[in-house]
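The values are calculated or read from the model by the stated rules, or taken from the named source; none is laboratory data. None of the values given here were measured: they were computed from a predicted structure. As a convention, Cβ positions derive from the backbone with ideal geometry for all residues, glycine included, and neighbour counts pool all protein chains shown. Only protein heavy atoms, including side chains, enter the accessible area calculation; ligands, DNA and RNA are left aside. Shrake-Rupley method; radii C 1.70, N 1.55, O 1.52, S 1.80 Å.
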Amino acid sequence: MDLSFAFTPDLIAVFLTLFVLEVVLGVDNVIFISILASKLPKEQQAKARNLGLTLAMLMRVVLVLFAGWIITLKEEVFFIGEMGFSWKDIILIAGGLFLVYKAVTEIHHKLEGSEEEHGGGGRKAVTFGSVIAQILVLDLVFSLDSVITAVGMTTNLLVIITVVVLSFGIMLFASRFIFAFVNKHPTVKMLALSFLLLIGVFLIAEGFGFHIDKAFIYGPMAFAIFVEALNLWAAAAKAKREQRRRTPVQLRPQYPDVDESVAVAAALSKDPGSGSVGLSSKPVTGDAVPGAAEERQGLG
């Protein structure tokens, strides 16, 4: 392992490839964190997102620094029949099962309509610590696979650490917008849960030695995202068209034969002859009403 940073075409190509992989992996992390953080009270959601991503970045950097030890996790430690399992395989299988369990549970809750109550009745309230613990468990699984892939591409630790920090900086900035978008659109949230379920199955298969090209995972994901984006675009366009077709409510006058604009113009005019009423400051005199005790006074 070395810490040199000489700009060569090969190193730049490796840097860009790792950066794209880390950003894609970071989006998976943000989606999972967004789903978990949405169960917390609103005042804790941003803190959970930022802390979860920060701890994930630190964990990734620590694993990179121990890359030499990480590589040894690929050595087989026991066998079942003719199939050998390493610590990496065990972690991938455990993480995949955890991800499948969480995704299926969340999909069930969404379909059944049973949501967590923030400290209220219903299901048991989710705590801040439990959310962070679940985030760290999944980050460990993703980070292990990511670090092994990165070390297989380059032995330059400085390049790997730089890529990790830059990608997580972008995810930290975008997490608020991804969180709002995922939780605003129920169909997007269900699609994200389906992605997590697919990734969990992929991790389990990887742990059992079935190496699946990531293109078969992220290709369908990209297509599904494209279709969902078209659906959201079509729904927004339809809403705009319906808004345009709406006409303002016209109030019907109480007396249809009377032109109200003439009455309004007369009321606003200062010309005495146009219909406005002026008040005199002189007293009004006249015959008193029979039986009245006092003389009628004017308005001034």
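Selection within the stretch 28-75: residues that are open to solvent by less than 70 Å² (accessible area, probe 1.4 Å) and either touching a Lys or Arg at 6+ places or on another chain (Cβ under 6 Å) or assigned to a loop (DSSP other than H, G, I, E, B) (or both). The member of this set that is modelled with the lowest pLDDT is Leu73. Pairing residues of the stretch 46-75 that are small (Gly, Ala, Ser) with residues that are modelled with pLDDT of 75 or more and outside any helix (DSSP H, G or I), at Cβ distances under 6 Å and at least 6 apart in sequence or on separate chains, gives Ala48/Leu40.
Of all residues in the stretch 76-116, count the ones that are in a strand (DSSP E or B), among the acidic types (Asp, Glu) and open to solvent by 70 Å² or more (accessible area, probe 1.4 Å).
At the first step, the residues of the stretch 76-116 found to be in a strand (DSSP E or B) are 76-80, 83-86, 116.
Checking the rest, the ones that are also among the acidic types (Asp, Glu) come to 76, 116.
Then keep just the ones that are open to solvent by 70 Å² or more (accessible area, probe 1.4 Å); that gives 76.
Qualifying residue count, the stretch 76-116: 1.
Only a single item in (1) under 25 Å from Lys189 (Cβ atoms); (2) in contact with an Asp or Glu (Cβ under 6 Å, 6 or more places away or on another chain) is not met by Lys42, and it is number (2).
Condition check ((1) at pLDDT 85 or above; (2) surrounded by 14 or more Cβ atoms within 10 Å (Cβ to Cβ); (3) β-branched (Val, Ile, Thr)) across all residues:
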position: Ser143; (1), (2), (3): no, yes, no
position: Val188; (1), (2), (3): no, yes, yes
position: Asp213; (1), (2), (3): no, no, no
position: Ala234; (1), (2), (3): yes, no, no
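Filtering the stretch 147-157 to residues that are open to solvent by 20 Å² or more (accessible area, probe 1.4 Å) and among the small types (Gly, Ala, Ser) leaves only Gly152.
When the criteria are applied in full, Phe85 fails the requirement of being of a type in the set (Phe, Trp, Tyr) and at pLDDT below 85.
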